[in-house]
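Have a look at the structure below, then the notes.
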There are 2 protein chains.
Amino acid sequence: MSILLDSVEAARMVAQRLAGGPAGVGVLIEVDSDGHRCGVQPDAPELLAVARALAEGGVEVRGVMTHAGASYDCATPAALRAMAEQERAAAVHAAGRLRAAGFACPVVSVGSTPTALAAGHLEGVTELRAGVFVFFDLVMAGIGVCSVDDIALSVLATVIGHQREKGWTLLDAGWMAMSRDRGTASQAVDQGYGLVCDLAGRPLGDWILAGANQEHGIMARRPGAGPEALELQVGQQVRILPNHACSTAAQYGAYQVLGEGDQVTATWPRFSGW
Amino acid sequence: MSILLDSVEAARMVAQRLAGGPAGVGVLIEVDSDGHRCGVQPDAPELLAVARALAEGGVEVRGVMTHAGASYDCATPAALRAMAEQERAAAVHAAGRLRAAGFACPVVSVGSTPTALAAGHLEGVTELRAGVFVFFDLVMAGIGVCSVDDIALSVLATVIGHQREKGWTLLDAGWMAMSRDRGTASQAVDQGYGLVCDLAGRPLGDWILAGANQEHGIMARRPGAGPEALELQVGQQVRILPNHACSTAAQYGAYQVLGEGDQVTATWPRFSGW
């Protein structure tokens, strides 16, 4: 088990709470590689102060970790590659400083899905954590990290009605089925609440979940795509690819795993909470 | 059990699927009272056609229902009151037409939380469905349906760090804890991802969850509120009131029910899925 922290204050609290507790709990120090969220600057004096506060409290400094969340805003392969190197270099540099100060620091952990696939090399890194990597999603496709065809998670939905004068096909999947995540809203191609596909997972064209109520999804043409005839019958099913696999999957208690011919071959329960 | 539908096509499909199935399944016809989503117009010939298609298929027309979702965009008590009457009148008018055509139509169902509390009277209505009503939330407070003090659902979060130069206090509750719902973004007071309170549920002032990563929440001053000193220690706990109780609660498997002194007196499992 590892605990993550990034301040002397937190280090002291963790050491205090771990005192007399179970053995073998190590701590990773979070390093800020992109100014995006939190962590100690890799060059800051605080990095060593945190490590010392842990050691003084009898806690093992197991290593460093970082997450280059700013990579989600990258738009080109070159930018992704540069961000991956920035992430790697920050973690390796911080680990080097800790080692020079006498801390073994065996773990050097990096990871975000965009950088995981873009890194030129990962010298000095011992762990790469990438999450959405296992499924991909429309946000990742929008960054150029994968193609839409690579996305391995979808929501099965059923046509429940039409508002034909508005060009709407109503589905039984609203934001409670997809999550409220609109991660593609800030990308070049806005996929609404999801991209509508046939049962084999092939996009129907410029048909997206243009709007979502709690339990109703509004399937319509992508803005600017122009009209196109597509009449789905009530009861017909579609698959919707999500903006963000993490948030969509969190709406469910389990995954239905499909084999050949779309048969459910396994059910994987999810872990929720954090 | 009742099934909801709003087209002849759906009526035929439902009748076909129910044929030979369990007895006692009635159908409610959805009426569009505000042009917001779906349903048959209360004056449309289709209303009677749907009822006839059901009856021909041997299915009981149990009644009508509507949901005035447009009430979420109301901003004054007068507008809410008018919307509640519009919702009631649409449902009652549709039921009257069905009864005149020979359908008993025992159920006349209306409901949305904003109109539930604003209706001048509910003559002719047999059921009022209001959901978020049981907890309230910041969106409802923004509409003026309740006060912030009425909100009965909160997320307990812990301070995990600071970015002092940015004015950030980092919490262990990001959008996975709060949901991605930003329902107050379009209201007069934008509450970010939630309003931060002390453990007794009293707002700390203009402190909101100004940003949210997947597991990290960024507590900061409301834009335009100006600086204010408030130093929370790592490990200290706060409560966050949600934009939308439905979407926040859906992130959890159960409710922790608090009694006097914030003791958990019961755990209520949630039903998920739809």
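The values are calculated or read from the model by the stated rules, or taken from the named source; none is laboratory data. Small disclaimer: the values here were computed from a predicted structure and weren't measured. Using ideal geometry, Cβ is built from the backbone for each residue, glycine included, and neighbour counts are taken over all protein chains shown.
Of all residues being β-branched (V, I, T) and touching a Leu at 6+ places or on another chain (Cβ under 9 Å) in the stretch B:219-274, which is nearest to A:V14 (Cα to Cα)? Just the residue, please.
B:V234
Being closer than 27 Å to B:A116 by Cβ, of a type in the set (K, R) and in contact with a helix residue (DSSP H, G or I) (Cβ under 9 Å, 6 or more places away or on another chain), is that true of even one residue in the stretch B:51-62?
No, every residue in the stretch B:51-62 fails to be closer than 27 Å to B:A116 by Cβ, of a type in the set (K, R) and in contact with a helix residue (DSSP H, G or I) (Cβ under 9 Å, 6 or more places away or on another chain).
Test of understanding: among A:L153, A:L199, A:L204, which residue is away from chain B (no Cβ under 14 Å), surrounded by fewer than 24 Cβ atoms within 10 Å (Cβ to Cβ), closer than 25 Å to B:T248 by Cβ and touching a residue at least 24 places away in the same chain (Cβ under 8 Å)?
A:L153
Got at least one residue in the stretch B:115-136 being assigned to a loop (DSSP other than H, G, I, E, B), β-branched (V, I, T) and surrounded by fewer than 21 Cβ atoms within 10 Å (Cβ to Cβ)?
Among the residues of the stretch B:115-136, at least one is assigned to a loop (DSSP other than H, G, I, E, B), β-branched (V, I, T) and surrounded by fewer than 21 Cβ atoms within 10 Å (Cβ to Cβ), which makes the answer yes.
Does the stretch B:236-263 hold any residues that are outside any loop (DSSP other than H, G, I, E, B) and over 21 Å from the mean Cα position of the chain (by Cα), and which are they?
B:Q237, B:V238, B:L258, B:E260, B:G261, B:D262
Test of understanding: among B:G174, B:G167, B:G194, which residue is touching a strand residue (DSSP E or B) at 6+ places or on another chain (Cβ under 9 Å), touching a residue at least 60 places away in the same chain (Cβ under 8 Å) and within 14 Å of another protein chain (Cβ to nearest Cβ)?
B:G167 is the lone residue from the list that is touching a strand residue (DSSP E or B) at 6+ places or on another chain (Cβ under 9 Å), touching a residue at least 60 places away in the same chain (Cβ under 8 Å) and within 14 Å of another protein chain (Cβ to nearest Cβ).
Looking at B:S186, B:S179, B:S147, can you tell me which residue is closer than 29 Å to B:E260 by Cα, among the polar types (S, T, N, Q) and either surrounded by fewer than 17 Cβ atoms within 10 Å (Cβ to Cβ) or touching a Cys at 6+ places or on another chain (Cβ under 6 Å) (or both)?
On the way: B:S186 fails: closer than 29 Å to B:E260 by Cα; B:S179 fails: either surrounded by fewer than 17 Cβ atoms within 10 Å (Cβ to Cβ) or touching a Cys at 6+ places or on another chain (Cβ under 6 Å) (or both).
One residue alone meets the criteria, B:S147.
When you scan the stretch B:12-26, do you find a residue that is within 14 Å of another protein chain (Cβ to nearest Cβ), within 15 Å of A:Q163 (Cα to Cα) and at pLDDT 80 or above, even just one?
Going residue by residue through the stretch B:12-26, those that are within 14 Å of another protein chain (Cβ to nearest Cβ) are B:12-18.
When the remaining residues are screened for being within 15 Å of A:Q163 (Cα to Cα), the result is none.
Looking through the stretch B:12-26, none of the residues is within 14 Å of another protein chain (Cβ to nearest Cβ), within 15 Å of A:Q163 (Cα to Cα) and at pLDDT 80 or above.
Quick one: A:V238 ticks every box in (1) under 30 Å from B:A212 (Cα atoms); (2) away from chain B (no Cβ under 11 Å); (3) at pLDDT 95 or above; (4) in contact with a strand residue (DSSP E or B) (Cβ under 8 Å, 6 or more places away or on another chain) bar one, so which box is it?
A:V238 satisfies all of (1) under 30 Å from B:A212 (Cα atoms); (2) away from chain B (no Cβ under 11 Å); (3) at pLDDT 95 or above; (4) in contact with a strand residue (DSSP E or B) (Cβ under 8 Å, 6 or more places away or on another chain) except (1).
With the checklist (1) part of a strand (DSSP E or B); (2) at the interface with chain A (Cβ under 9 Å from one of its Cβ atoms); (3) over 28 Å from A:G253 (Cα atoms) in hand, flag the one item B:Q233 doesn't pass.
That leaves (1) as the condition not met.
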